[in-house]
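Trainee: One structure coming up, written as structure tokens, with questions to follow.
Only the coordinates and a few stated rules stand behind these numbers; no lab work does. Bear in mind that the values here come from a model prediction, so they are computed numbers and not experimental data. Here the Cβ positions follow ideal geometry from the backbone for every residue, glycine too, while neighbour counts run over all protein chains shown.
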Amino acid sequence: MRKKIELLAPAGNLDILKTAVDMGADAVYCGLGRYNARINADNLDLNGLEEGLDYAHLRSSKIYLTVNTLMNDPEFDEFLPDIARAVEFGIDGLIIADTAALIKLAKAFPDVLINASTQMNIFSEDEFYNLSRLGVDRIVLPRELTSDEIASRTAKAAKYGMDTEVFAHGAVCVCVSGLCLFSAMNKSGTRSGNRGTCAQPCREEYILLNDGLKLRKGHLLSPKDRDVTDYIGRLIDSGVASLKIEGRMREPGYVKSCVYAYRTMIDAYYDGV
């Protein structure tokens, strides 16, 4: 019998981590103060991470640590001690976006689940093959894929001993996962999404003009949030290992209600309801 799909929830701080676990999340992803794509979230310090791991593991849930920004060369030696401490505490997985960091961490911590972040924008079978040779265990697929594309890529990843994770709910960026430079090129150019400080210019209002004529005004580059409640069965049947809720910048109530809703739907599907 195939393993039950994992429900993966976001946590911007320790209290939300505990809430997600209490509501039935199989796993929670969170970040420390540096080297994660949501630096402006509250995040956790090492003490909070240790407490969160103890809390989750006592309740049979896992914790994944986000290390999903591109890094400058001098930063490699800076971040390794914190990751080593997280591994000592019992971290279950690392979500990584930088190829050099991925190679380094996969070699240093072979017993920790290595997740290739959606920021790596992994599409092709060649990329699956190459990542499997680097020690990757799971690929977080881009958010632009259809359900059929998710199923085909999940099958291809399985050929190389890897599983897949998909975003099930939450915000969707108008730009292609991992390839967005909109924030980095906006105004001062000092806030890069690939460095964890996205200014979210796509959430601002814009005016669409044609030869000086105003055609539209509003949030023209801000897509609606993702909601896969109508596709739960198809995603489970496709072999995806994990359904991921977006939202490390979200309020506790959002995480609580989303985890409860998806937990209920996933369990109902397996129960044949």
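Trainee: Between ALA151, LEU213, SER61, whose Cα lies farthest towards the positive end of the dipole of the chain when Lys and Arg beta carbons carry +1 and Asp and Glu beta carbons carry -1, centred on the Cα centre?
Mentor: The listed residue farthest towards the positive side: LEU213.
Trainee: Given Cβ point charges of +1 (Lys, Arg) and -1 (Asp, Glu) and nothing else, what value in debye, to the nearest 20, does the dipole of region 15-79 about its Cα centre take? Present the calculation step by step, with values, prior to reporting the outcome.
Mentor: Details: 5 positive and 12 negative charges, 64 e Å.
Computed charge dipole of region 15-79: roughly 300 debye.
Trainee: Please state, as a whole number in µm²/s, the translational diffusion coefficient that the Stokes-Einstein equation yields for region 115-273 at 4 °C and 1.567 mPa s, with Rh defined as the Kirkwood radius across alpha carbon pairs. Let's see the in-between values first.
Mentor: Numbers: Rh = 17.7 Å.
Using the Kirkwood radius from Cα pairs, D works out to 73 µm²/s.
Trainee: So, one more: Summing Lys, Arg as +1 and Asp, Glu as -1, what charge do residues with Cβ under 12 Å from the Cβ of ASP137 carry, ASP137 excluded?
Mentor: Details: positive: ARG138; negative: ASP92, ASP111, ASP163, GLU165.
That sum, taken over residues with Cβ under 12 Å, equals -3.
Trainee: Counting every Cα pair in region 85-143, what percent are over 18 Å apart?
Mentor: Of all Cα-Cα distances in region 85-143, 27 percent exceed 18 Å.
Trainee: Still on this structure, please answer the following. Residue farthest toward the positive end of the dipole of the chain, with Cβ of Lys/Arg at +1 and Asp/Glu at -1: which of GLY239, ASN43, LEU80?
Mentor: Of the candidates, GLY239 comes out farthest on the positive side.
Trainee: Counting helices only, and only those DSSP H runs with n ≥ 4, report the 222 nm mean residue ellipticity of the chain as the sum of -39,500 (n - 2.57) divided by its residues, in deg cm²/dmol to the nearest 500. Can you show the working numbers first?
Mentor: Values: 8 runs with 95 residues, N = 273.
Value at 222 nm, helices only: -11000 deg cm²/dmol.
Trainee: With volume of the Cα convex hull per residue in Å³ defined as stated, name the option among (1) 146; (2) 163; (3) 179 computed from the structure displayed.
Mentor: (1)
Trainee: For region 15-70, compute Rg over Rh where Rg is the Cα radius of gyration and Rh is the Kirkwood radius from the inverse mean 1/r over Cα pairs.
Mentor: Computed over Cα atoms, the ratio is 0.96.
Trainee: For the chain, what is the charge dipole size about the Cα centre, in debye to the nearest 20, if Lys and Arg each add +1 at the Cβ and Asp and Glu each add -1 at the Cβ?
Mentor: 600
Trainee: What do you get for Rg/Rh of region 27-130 when both radii come from the Cα atoms and Rh is the Kirkwood radius?
Mentor: Details: Rg = 13.5 Å, Rh = 14.1 Å.
My calculation of the ratio gives 0.96.
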